[in-house]
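In what follows, a single structure is set out as structure tokens and then discussed.
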Amino acid sequence: MGFFPDDYRYADSDKNSSTQSNDIYWKPSKLEAGSKAEIRMLGGENAFKDGYVIAGYEYFTRDGVSRTPTYPAKWRDNAGLAYQYRELSPEAKEDKYKEIAAMPQEEQVKHLNAPKAFLSFVACIKGEPKLQVVTITQRQIRAQLEEYLNMPEDFTWGDNGVANFKFSLSKKGSGKDTTYVTTATPFNRALPKDLASEWDDKKAEIYLPALFEGGHPFEGRPATVKPQGLPPTRKDELGADHEAEDAMPTDDW
């Protein structure tokens, strides 16, 4: 074992092994044309409140990725260059930044990495050995997911927060001709043993809003976040919490 921990991100990207924590992040762009992914969401019907799902805006800055829950009004101040400039040398990029800064704001959007709406959620994906943080920026896919998730009578959740359905995401074409097709089907089989164990071990610590602060979503939730489903409490004279007397339903409830 060396000086740095296993999840340390080296300046020399060749030294970053596939076993590091970055392999939990999944996007549809990982799919090859003609292939598909089978995705099963985790978190339950209160996934947004419990921190297993987030939505907002993301864009590449000069230093990395920025994610915000609302549209960043001053994103141009630190936005990275658009994808077509990825092969430029550091010196050429600096020249390009100066050139863009002199342009009208409506013209700058074409040359900078502008914020995109995103939806991120915890899931397991067939063939992936670990739980994944799935991030969707494609409008087409988000619209299809939103349609399915707004039909709670057809797509339900198990008591352990595992979806009783799965999404099949297919990719066709490449480049500007890329299209995606999303379908949802009922699926209530148990998770594979390794993934079920990981979910049981980590679900109390998973907190996707950490991504808004540049944190790791699997490294614990703030102490101020109260998990959903706890019984209501009251405070005594000294300020201590006690379970409320009417926390549990009566026999005739």
Paramagnetic label zone (point 7 Å from Cα along Cα-to-C-beta, Thr68; backbone N under 12 Å) in the range 90-120: 115-116
Inter-centroid distance (Cα atoms) of the range 90-114 relative to the range 115-166, Å: 35 Å
Thr178-Asn150 FRET efficiency (beta carbon distance; Förster radius 35 Å; 0.05 resolution): 0.85
Distance between modelled label sites at Glu128 and Met103, nm, 7 Å Cα→Cβ extension: 3.4 nm
Residues in the range 39-66 reached by a label modelled at Leu88 [backbone nitrogen below 20 Å; 7 Å Cα→Cβ]: 59-66
Tensor-based shape of the range 65-108 (alpha-carbon gyration tensor, a/c under 1.5 rounded, otherwise prolate or oblate): oblate
R0 of 25 Å, Cβ-Cβ distance Arg139-Ala204: FRET efficiency to nearest 0.05: 0.15
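Since every read-out is calculated from the coordinates, none of them should be taken as a lab result. Since this is a predicted model, take the numbers as computed values, not measurements. Positions of Cβ are backbone-derived with ideal geometry, glycine not excepted, and every protein chain shown enters the neighbour counts.
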